[in-house]
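Below is one structure; the comments refer to it alone.
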Amino acid sequence: MAWASSPVVPSSEETHVDMRYGINPQQAAARAVPVNPDRLPLRVLQGSPSYINLLDALNSWQLVREAAGTLDRPAAASFKHVSPAGAALAGGIDEATARLYGVDADSVGELTSAYLRARDADPKSSYGDFVAVSHEVDVELAELLARVVSDGIVAPGYAPGATEILAKKKNGRFLVMEADPAFEPPEQENRDVFGLRLTQDRDTTALTPDLLADVHVGTLPEEARTDLLLGLAVLRYTQSNSVCYVRDGMALGIGAGQQSRVDCTRLAGAKVDTWWLRRHPLVQGLAFRPEVRRQDRVNWQIRFIEGDLTADERARFHEAVETEPGGLGAAERADWLARLSGVSFVSDGSLPFRDNVDHARRHGVTSIAEPGGSIRSGEVEDACREHGIALARTGLRLFHH
């Protein structure tokens, strides 16, 4: 699958990008001005972006471009509030995903598979997402996007017919943006905050396999190396503190923006558990009434897994299903979760305590990559050895704010 490669050169009228509003609707005067007036990183083909739309587009495009370039496979991301809800490489989709989105698991195209894998990691959070893909949008992906709730997309190009399909979405308000895959930003970044202009060098460190060469515990299988590199790309564009669980080229749980790293680990781990429990036969066997929409089915699956339905929810759940099943018992739940393995775990900063490793192990983790260098790194290493988890030290912090 080839990259699209037309540079986004502004016309004489394209000196900036007007936005609907800033971060909030009351911030009415908002525009984006290119640092280099001769070249834009992206352009608007349809719709009118908000401030957050542009932040999502710029961050998500960088993520998928870097992931695809590093791992030589099409990549996709599902962004919400300037962090990914999911990200994935092209690959096989399971029957649970195929059934939910009404596609043939055996014939779905590479780019569509990447997005389905990204969206299905946390489909509750991906409702109304901003989509990013690393390669030209084909008709298959456009037709899928026409059927899901999302706000916009950024891609390096669009095949004939794809933009016409997307143009009908949201009565023409669906945001379609084209990125320039050859665009390179300035060496320095600037941000204005409360009257101060902050300037720093852009982080240009390449995400290469060499980052995983310093293995302190165990050995890293090739598939784990791929997953860890994907995790590093994800965290580079996720609000810190952040951690990411990855399996088979798919981010299963992303924890973003928590002040405590172990809280990120636990929150993201809970997302991993939910993803895996959604594959349990009892959950897959929920027979919803035909009129129940896809997103409502997702939400009911998750609430069924969580097992703490309120009295009002219980009544509405009864109306949503043909027959109400028994609950997912603690022993059955624990047995199913124990079957999950081969998960990789990446942290954007040094693990400060071994509790991150102890919690990660509960979610099928068998390999970890983190910068190292904390005063308790020895304890983290001991924990990995106790749990049989391979540990690589990257020496690279990837904070993003």
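For region 300-317, state whether one or more residues are surrounded by 15 or more Cβ atoms within 10 Å (Cβ to Cβ), under 17 Å from residue 96 (Cβ atoms), outside the structural domain of residue 97 (by TED's automatic domain parsing) and in contact (Cβ under 8 Å) with a residue 40 or more places away in the chain.
Yes: one or more hits.
Go through (1) within 29 Å of residue 285 (Cα to Cα); (2) among the hydrophobic types (A, V, I, L, M, F, W, C); (3) not in a strand (DSSP E or B) one by one and return the number of the condition residue 61 breaks.
Of the numbered conditions (1) within 29 Å of residue 285 (Cα to Cα); (2) among the hydrophobic types (A, V, I, L, M, F, W, C); (3) not in a strand (DSSP E or B), the odd one out for residue 61 is (1).
Examine region 207-226 for a residue that is among the polar types (S, T, N, Q) and surrounded by 13 or more Cβ atoms within 10 Å (Cβ to Cβ), and state whether such a residue exists.
Checking region 207-226: at least one residue is among the polar types (S, T, N, Q) and surrounded by 13 or more Cβ atoms within 10 Å (Cβ to Cβ).
Among the numbered criteria (1) in contact with a Ser or Thr (Cβ under 8 Å, 6 or more places away or on another chain); (2) outside any helix (DSSP H, G or I), which single criterion is violated by residue 228?
(2)
Determine whether region 377-400 contains at least one residue that is in contact with a Lys or Arg (Cβ under 9 Å, 6 or more places away or on another chain), assigned by TED's automatic domain parsing to the domain that holds residue 237 and among the basic types (Lys, Arg).
The answer is no, given that none of the residues of region 377-400 is in contact with a Lys or Arg (Cβ under 9 Å, 6 or more places away or on another chain), assigned by TED's automatic domain parsing to the domain that holds residue 237 and among the basic types (Lys, Arg).
What about residue 199, is it over 30 Å from residue 274 (Cβ atoms), in the same structural domain as residue 84 (by TED's automatic domain parsing) and more than 22 Å from the chain's Cα centre (by Cα)?
Judged against the criteria, residue 199 is not a match.
On the given criteria, is residue 127 outside any strand (DSSP E or B), of a type in the set (Phe, Trp, Tyr) and closer than 16 Å to residue 250 by Cα?
Spelling it out, it is not the case that residue 127 is outside any strand (DSSP E or B), of a type in the set (Phe, Trp, Tyr) and closer than 16 Å to residue 250 by Cα.
From (1) assigned to a loop (DSSP other than H, G, I, E, B); (2) modelled with pLDDT of 90 or more; (3) more than 30 Å from residue 205 (Cβ to Cβ); (4) aliphatic (A, V, I, L, M), pick out the condition that doesn't hold for residue 45.
Only one criterion in (1) assigned to a loop (DSSP other than H, G, I, E, B); (2) modelled with pLDDT of 90 or more; (3) more than 30 Å from residue 205 (Cβ to Cβ); (4) aliphatic (A, V, I, L, M) is unmet by residue 45, namely (1).
Output the helices (runs of 4 or more DSSP H) that fall wholly within region 248-335 and possess 2 or more residues being of a type in the set (D, E, K, R), or say none.
Of the helices (runs of 4 or more DSSP H) lying wholly inside region 248-335, those with at least 2 residues that are of a type in the set (D, E, K, R) span 261-277, 294-306, 311-320.
What is the one condition in (1) under 14 Å from the mean Cα position of the chain (by Cα); (2) in contact (Cβ under 8 Å) with a residue 40 or more places away in the chain that residue 255 does not satisfy?
(2)
Give the residue, chosen from 365, 346, 357, 380, that is surrounded by 20 or more Cβ atoms within 10 Å (Cβ to Cβ), free of Cβ contacts under 8 Å to residues at least 40 places away in the same chain and within 22 Å of residue 223 (Cβ to Cβ).
Checking each option against the conditions leaves just 357.
Return the residues of region 339-362 that are farther than 22 Å from residue 236 by Cα and assigned to a helix (DSSP H, G or I); say none if nothing qualifies.
Within region 339-362, 355, 358, 359, 361 qualify.
Go through (1) free of Cβ contacts under 8 Å to residues at least 60 places away in the same chain; (2) under 24 Å from residue 83 (Cβ atoms); (3) surrounded by 20 or more Cβ atoms within 10 Å (Cβ to Cβ) and name the single condition residue 134 misses.
(1)
Let me confirm something: among 158, 127, which residue is of a type in the set (Phe, Trp, Tyr) and closer than 26 Å to residue 288 by Cα?
Exactly one of 158, 127 is of a type in the set (Phe, Trp, Tyr) and closer than 26 Å to residue 288 by Cα, namely 127.
Which condition does residue 294 not pass, out of (1) at pLDDT 95 or above; (2) under 18 Å from residue 78 (Cα atoms), if it passes all the others?
The number of the failed condition is (1).
Please specify each residue of region 364-389 satisfying the condition of being among the acidic types (Asp, Glu) and part of a helix (DSSP H, G or I).
379, 381, 382, 386
For residue 56, indicate whether it is surrounded by 13 or more Cβ atoms within 10 Å (Cβ to Cβ), out of contact with any Leu (no Cβ under 9 Å at 6 or more places or on another chain) and within 22 Å of residue 172 (Cα to Cα).
The answer is yes for residue 56.
In region 151-189, which residue that is without any contact (Cβ under 8 Å) to a residue 24 or more places away in the chain and assigned to a strand (DSSP E or B) is farthest from residue 18 (Cα to Cα)?
Only one residue tops the list, namely 188.
Going residue by residue through region 22-37, is there one that turns out to be in contact (Cβ under 8 Å) with a residue 12 or more places away in the chain and within 28 Å of residue 229 (Cβ to Cβ)?
no
Identify all residues within region 102-126 that are of a type in the set (A, V, I, L, M, F, W, C) and surrounded by 18 or more Cβ atoms within 10 Å (Cβ to Cβ); write none if there are none.
Correct list: 103, 108, 111, 114, 116, 118, 121.
The values are calculated or read from the model by the stated rules, or taken from the named source; none is laboratory data. Keep in mind that what you see is a predicted model, and the values were worked out from it rather than measured. When we count neighbours, we look across all protein chains shown, and the Cβ atoms used for this are built from the backbone with ideal geometry, even at glycine.
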